[in-house]
Amino acid sequence: AKRLKRKRIEDSGGIRPRTKNGEDSNETKDTKHVSSTTEEDHSTKNGSYPNSRSDSRNRNTTINSSSSNHNDNHKKKNSRQMNAPRGKHRFGRVMERVPCRNKPRFSTLSIALPGSVVSNCQTRELKTQLVGQIARAAAVYHVDEIVVFDDKLSTERPNRAFYSSRHNRDSRRQEDSRRHEDNTNNKPKDNDTEQPYEQQPRKKSDPHTFMARVLQYCECPQYLRRYFFPMHPDLQFAGLLSPIDAPHHVRAEESSRYREGVVLDKKGAKGSLVNCGIRGRPVEIDKVLTAGIRCTVKLDPKVYGSPGKIFGTVVSPSAPREENGTYCGYSTRLADSINAVFDECPFEGGYDLKIGTSERGDQSVDDDSFSLPNFRHSLVLFGGVAGIEECVDADESMKIAGSESRKLFDEWINICPFQGSRTIRTEEAVLISLARLSPFVARNVEKAVVHAVPSKSKEVDVEFSDESPSDESSDDDDDSSSA
């Protein structure tokens, strides 16, 4: 009977089957159950009791019918949820793909902030969540580079609570007992036996290194993290991080044109094999690369539906951005000082637009005349707890005082004038600044596209022409000219 009922439900499109009178089958069963109970009540009032066996049978049938109805309803709900298409919810569809401008973007946006901001957090869980907020803000507003610099103001040291914790106290006792045994037995210490990860003493890492490591972990696609991030105390609470869910964090079934991958220690007919997150199907690239490095691979979307080997082409990490503006994450860089943020710029020509954020800025985004000049590589720098001025004062390599920090930047902006709080935390300043500067950065991107279209062919011609010889060919030209 249950199988027939399930079949009728499936044939009717998941709708409960009705009786001939138009009433629900459950309702008829309920009415029968009510009538039987009323008859039973009348019989008890008249002094006649029903047969105990028939009574128990009636109760068992009603209980079994109600339980079967409940199980059928539960199975119907599960079947509907399983048969529902992915990405659909009750109140709309979840965004399956990140929106793209479909315009090439040749300009870059970088942010720099001190790693000492995590020193204000009391626990490692709060530190991890703080860095996760910065990573989320950077991904939402298409930040291409995050620079973590040492502002020389971090006073974070292992406190008494760290040393007096039960875990470290037990580990110190074990270490002291080992030393005592070694001294008594006059035997060398055995360093080959390692403690399990749970029993190892937790060492406090540098706040700047901690921030950089967590930022890199957030940016890395999920299927590549086991290759690049081994077990580390800094990543103990990485499970609390919210995923940035950027376009390069592709799903296994997603037909993406670009994928991040790791080069495997295997080679195909033409080049190396790369794990790009496609289950059971490594991608064969057109070059032989060193195993273990990360690379960006360009694929034809048609290869996802066809069986057999998948072939791809290794491209630059900036290729998706320069082709149609697809955002593919940020790079993380460590700087020893605030001066190294500018001197060690990885882009050719350095940052041509440097923006400093301070509550003492000489202009605001709310000004009617505010605008950003055209730029190729921009940098937005944030200070720590005491601001940029204190960072400049603490850096001995800087030749100017903290009161003259304005001279380091092209724009000195007060992002949030008339703030309702005495202080704005650095993670809050990052989100507010990127949100308010985003419209001005987008206008620059549109202008850069117009100017970059005719100049793109010129750059290609210059790169392979004889007018700009390489270092190897310049020696030959000098010898020929001297001869």
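Rolling a 1.4 Å probe over the protein heavy atoms gives segment 211-252 an accessible area of 46 Å² per residue. A simple spin-label model places pseudo-atoms 7 Å from Cα toward Cβ; at Ala442 and Lys309 they are separated by 4.5 nm. Heavy-atom accessible surface of segment 309-442, averaged per residue, reaches 50 Å², computed with a 1.4 Å probe.
Residue separation of Lys7 and Arg281 scaled by 0.36 nm, minus their Cα-Cα distance, works out to 94.7 nm of gained length.
Taken about its Cα centre, segment 258-415 carries a charge dipole of roughly 1720 debye when the Cβ of each Lys and Arg holds +1 and the Cβ of each Asp and Glu holds -1. Measuring against 23 Å, Cα to Cα, the residue pairs Lys354/Lys399; Lys103/Lys309; Lys127/Lys354; Lys103/Lys407; Lys127/Lys407; Lys298/Lys354 contain Lys103/Lys309; Lys127/Lys354; Lys103/Lys407; Lys127/Lys407; Lys298/Lys354 as the ones spanning a longer distance.
What FRET efficiency would be calculated for the residue pair Phe418, Arg101, taking the C-beta separation as r and a Förster radius of 30 Å, to the nearest 0.05?
0.35
Sorting 296-304, 331-339 by average packing, meaning the other beta carbons within 10 Å per residue, from highest down gives 331-339, 296-304.
Taking packing as the residue-averaged number of other Cβ atoms within 10 angstrom, the listed peptides 410-420, 274-284 run from highest to lowest as 274-284, 410-420. Maximal additional length on extending the Phe347-Thr290 stretch stands at 18.1 nm, based on 0.36 nm per residue less the C-alpha distance. A simple spin-label model places the labels of Arg226 and Ala269 3.0 nm from each other, with each point 7 Å out along Cα-to-Cβ.
The values are calculated or read from the model by the stated rules, or taken from the named source; none is laboratory data. Note that the structure is predicted; figures quoted are calculated from it, not measured. Cβ coordinates were reconstructed from backbone atoms using ideal geometry, including for glycine residues, and neighbour counts include every protein chain displayed. Side chains included, ligands, DNA and RNA excluded: accessible areas come from the protein's heavy atoms. Shrake-Rupley method; radii C 1.70, N 1.55, O 1.52, S 1.80 Å.
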